[in-house]
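As structure tokens, the structure follows; a few thoughts come after it.
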Amino acid sequence: MNILFTAEYDEALIEVIHGLGNVDVQGWAKGIGKLSEEELISLVEDVEVIVTSYDDITKAVIDAASQLKLVFCTRATPVNVDVAYAREKGIKVLFTPGRNSDSTAELTIGLMLSIARSIPFAYEQLKQGNYTGRKETSNQARSGLKRDVVWGVGPQSPYVVFKGVELKGRTLGIIGYGSIGRRVASIARGFGMQILVFDPYVSNIDVDSLTTKKVGIDQLLKESDFISVHLKVSKETENFIDKSAFEKMKNSAYFINCSRAAVVNEADLIEALRRKQIAGAGLDVFSTEPIPEDHPFITELENVVITPHIAGATTDVLTNHTKMIIQELDRYMKQEPLLYEYR
């Protein structure tokens, strides 16, 4: 079996993949980057299986691969594969659902903590030399008192400037209760949060408990202190969170998005942050990526924490999807039913 392997992977497991066939490691798998359509066409003539993360598997690439039977995309959705044409040709398309669910859920909670407690803003101020003391600063206690470690209690002290809110006792609204949404809820419960869920495709019996309740979208928006979106992009979800949604949120609410930028009207979010309609936002995705250097999130707004689309960027994710690749290729060779075929 000839395998073109251009996906990122766990180096400790690559030898197992080599044992499954004649493996040609190229592109991103070698640290080179995404291959062009022409480069892929030159590599696929006798290939039976393509394993990729980001390369575009187009109609032209599929036509050039006369022996192709399987395309394995190591992502939650194979957006870079012409799935419809592959099906026409009888080629199965596989994906890796859940490979980065824990990673994304943890970054979601990280953004919640970061914006609620002003962690990156406090860090930036210290790195710029603000709120710091001189080398000769003395912090000796006065006679009869214990040593005090307060940095100051005036109106411009960090204790006042960066005063935030706790997660405990607050309500987290989760929009989309799939693999990632459920993991976010699980972690949030550990902080003592109450969970509201909006997901028309999940039944109440799978959600409702002492800490979690399925509700309508309006109730979630009005009652939540934190709102986290975990939606796939579709006609129904594009711009799902817009001006009307922000108007329903509490002025003290924080908005988090580690899913896709397309589910939020970014212009409306910017305006809501400018007007302090909501308290702040934590974002890992943007309408244009990389985010432009003159974007308001960078140059203007001080109530937003941003990261450069790194929710799934952990070594554990590579281990997860490499194990999924090994398992699925083994099942394919044994002609067993495949677990991760994209429907």
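The values are calculated or read from the model by the stated rules, or taken from the named source; none is laboratory data. Computed from a predicted structure; not experimentally measured. Don't worry about glycine lacking a Cβ; one is built from the backbone with ideal geometry, like all the others, and counts go over all protein chains shown. For the accessible areas, the whole protein counts, side chains as well, though only heavy atoms, and no ligand, DNA or RNA atoms are used. Shrake-Rupley method; radii C 1.70, N 1.55, O 1.52, S 1.80 Å.
Are any residues in region 160-202 among the polar types (S, T, N, Q) and either open to solvent by less than 60 Å² (accessible area, probe 1.4 Å) or within 12 Å of T108 (Cβ to Cβ) (or both), and if so, which ones? Within region 160-202, T171, S179, S186 meet the criteria. Exactly one residue out of S42, S53, S36, S66 is closer than 30 Å to L283 by Cβ, at pLDDT 95 or above and among the small types (G, A, S): that is S53. Quick check, is P97 open to solvent by less than 10 Å² (accessible area, probe 1.4 Å), in contact with a Phe, Trp or Tyr (Cβ under 7 Å, 6 or more places away or on another chain) and not aromatic (F, W, Y)? Judged against the criteria, P97 is not a match.
With the structure loaded, tell me whether E271 is surrounded by 17 or more Cβ atoms within 10 Å (Cβ to Cβ), modelled with pLDDT of 95 or more and within 18 Å of V305 (Cα to Cα) or whether it fails that test. Spelling it out, it is not the case that E271 is surrounded by 17 or more Cβ atoms within 10 Å (Cβ to Cβ), modelled with pLDDT of 95 or more and within 18 Å of V305 (Cα to Cα). Does G31 qualify as being of a type outside the set (K, R), surrounded by 15 or more Cβ atoms within 10 Å (Cβ to Cβ) and at pLDDT below 95? Answer is no for this residue. The residue pairs whose first member lies in region 331-343 and is farther than 16 Å from L20 by Cβ and assigned to a helix (DSSP H, G or I), whose second member is open to solvent by 50 Å² or more (accessible area, probe 1.4 Å) and not aliphatic (A, V, I, L, M), and whose beta carbons are closer than 7 Å, counting only pairs six or more residues apart or on different chains, do not exist in this structure. Looking for something under 25 Å from A261 (Cβ atoms) and part of a helix (DSSP H, G or I) - is there at least one such residue anywhere in region 197-214? Looking for residues that are under 25 Å from A261 (Cβ atoms) and part of a helix (DSSP H, G or I), one finds none in region 197-214, hence no.
Closer than 30 Å to E223 by Cα, aromatic (F, W, Y) and at pLDDT 90 or above: is that true of Y159 in this structure?
Working: closer than 30 Å to E223 by Cα: yes; aromatic (F, W, Y): yes; at pLDDT 90 or above: yes.
When the stated conditions are applied, Y159 passes them.
Apart from one condition, N239 fits all of (1) open to solvent by less than 40 Å² (accessible area, probe 1.4 Å); (2) touching a residue at least 24 places away in the same chain (Cβ under 8 Å); the exception is (1).
Within region 224-236, can one find any residue that is open to solvent by 70 Å² or more (accessible area, probe 1.4 Å) and in contact with a Leu (Cβ under 7 Å, 6 or more places away or on another chain)? Walk me through how you get there before you give the answer.
Step one: list which residues in region 224-236 are open to solvent by 70 Å² or more (accessible area, probe 1.4 Å), which gives 232-233, 235-236.
Narrowing further to those that are in contact with a Leu (Cβ under 7 Å, 6 or more places away or on another chain): none.
Among the residues of region 224-236, not one is open to solvent by 70 Å² or more (accessible area, probe 1.4 Å) and in contact with a Leu (Cβ under 7 Å, 6 or more places away or on another chain), which makes the answer no.
Confirm whether G90 is at positive phi and in contact (Cβ under 8 Å) with a residue 24 or more places away in the chain. Full working, then the answer.
Values: at positive phi: yes; in contact (Cβ under 8 Å) with a residue 24 or more places away in the chain: no.
Spelling it out, it is not the case that G90 is at positive phi and in contact (Cβ under 8 Å) with a residue 24 or more places away in the chain.
The lone criterion from (1) polar (S, T, N, Q); (2) surrounded by fewer than 16 Cβ atoms within 10 Å (Cβ to Cβ); (3) within 23 Å of S179 (Cα to Cα) left unmet by Q67 is number (3). Residue-level check: of (1) among the hydrophobic types (A, V, I, L, M, F, W, C); (2) assigned to a helix (DSSP H, G or I); (3) more than 30 Å from T319 (Cβ to Cβ); (4) at pLDDT 95 or above, V165 misses just (2).
Does region 75-83 contain any residue that is touching a Pro at 6+ places or on another chain (Cβ under 7 Å), in contact (Cβ under 8 Å) with a residue 12 or more places away in the chain, farther than 17 Å from L4 by Cβ and in a loop (DSSP other than H, G, I, E, B)? Before you say what the answer is, go through the steps one by one.
Looking only at region 75-83, we keep the residues that are touching a Pro at 6+ places or on another chain (Cβ under 7 Å), and these are 76.
Now drop any that are not in contact (Cβ under 8 Å) with a residue 12 or more places away in the chain, which leaves 76.
Narrowing the set further to residues that are farther than 17 Å from L4 by Cβ leaves 76.
Remaining after also requiring in a loop (DSSP other than H, G, I, E, B): 76.
The answer is yes; a qualifying residue exists.
So is E8 assigned to a helix (DSSP H, G or I) and either open to solvent by less than 60 Å² (accessible area, probe 1.4 Å) or under 19 Å from V81 (Cβ atoms) (or both) or not? It is false that E8 is assigned to a helix (DSSP H, G or I) and either open to solvent by less than 60 Å² (accessible area, probe 1.4 Å) or under 19 Å from V81 (Cβ atoms) (or both).
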